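What follows is calculated from the coordinates using simple rules that are stated; it is not laboratory data. Bear in mind the structure is a predicted one, so any value in this text is a computation, not a measurement. Reconstructed Cβ throughout: ideal geometry from the backbone, glycine too, with neighbour counts over all protein chains shown.
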């Protein structure tokens, strides 16, 4: 997919997209974080930025956004060993969206995120609780809420908030929808229009299912978790 089209799809998904609900709710959660915690004239570094779908959310609030990724296409290069070509204490916010499940070396990744933060800085990170295997180029992990918090705390972070995005009733519907649409889109002529109609119907069903899912179930059984954390050295 064209990078610009993929960026638009992730930041402003359509109801005919199979992952519409996940992307919609994640985008809303990121916007809420930015409105509460992002301050003008500060710096946000997006660690594993990809197509930078949330860049506009931070730039519109007066932040300097810098994308970091492998290769030379991003503002900041990430070396093959996971080191970032950026100085210590050069960011007020480190962003990490749907990257952690693809990382082999969590120690280096999270240590580099901490190294970049200035005093008082925060990490905003999302990753999958439950989803299909999707190598980009690798796919290593899924987390429970407790396991994700533990993995960060064991590496020197304090997690201040961990939000579940899309509960189990809805994400099981979305996984079925993904399979149906994958098959339908292979059919000539009518396959894609039928897939689009089915996606709209099943996405509406998923919204209803998520609305009736008790908070306690959704809290610990998220499709995606979005957490806000800070270095434990500043927690005192």
Angle in degrees between helix 20-37 and the longest Cα principal axis of the chain, rounded to the nearest 10: 30 degrees
5 Å-binned pair-distance histogram of the chain (Cα, whole percent): 1, 6, 13, 18, 19, 17, 12, 8, 4, 2, 0, 0, 0
Stretch gain in nm, segment residue 5-residue 133, where the contour uses 0.36 nm per residue and the Cα spacing is subtracted: 43.8 nm
Highest-MSF residue in the chain out of 164, 126, 90 [GNM, Cα springs under 10 Å]: 90
Rounded to 10°, Cα long-axis angle of helix 106-116 versus longest principal axis of the chain: 60 degrees
Mean Cα-pair separation over length for segment 172-236, i.e. relative contact order, pairs under 8 Å, 6 or more apart, %: 27 percent
Contact order relative to length of segment 1-61, as percent, for alpha carbon pairs under 8 angstrom and 6 or more apart: 40 percent
Space enclosed by the convex hull of the alpha-carbon atoms of segment 117-236, per residue, Å³: 132 Å³
Base-10 log of normalised Debye intensity for segment 30-103 (one unit scatterer per alpha-carbon) at q = 0.25 Å⁻¹: -1.21
Rounded to 5, the percent of DSSP beta bridges in segment 1-123 classed as antiparallel: 5 percent
Using alpha-carbon coordinates, inclination of helix 191-212 to the longest axis of the chain, degrees: 60 degrees
GNM top mover of 190, 123, 169 - the chain, alpha-carbon springs below 10 Å: 190
Bridge type composition, the chain - antiparallel percent by DSSP, nearest 5: 45 percent
Whole-Å semi-axes of the ellipsoid equivalent to segment 1-127 (Cα gyration tensor, √5λ, descending): 23, 18, 13
Relative contact order %, the chain, counting alpha carbon pairs below 8 Å whose residues are six or more apart: 22 percent
For segment 150-205 and segment 64-115, distance of Cα centres in Å: 26 Å
15 Å cut-off, amide nitrogen to a point 7 angstrom out along residue 217 Cα→Cβ, residues in segment 155-199: 166-174
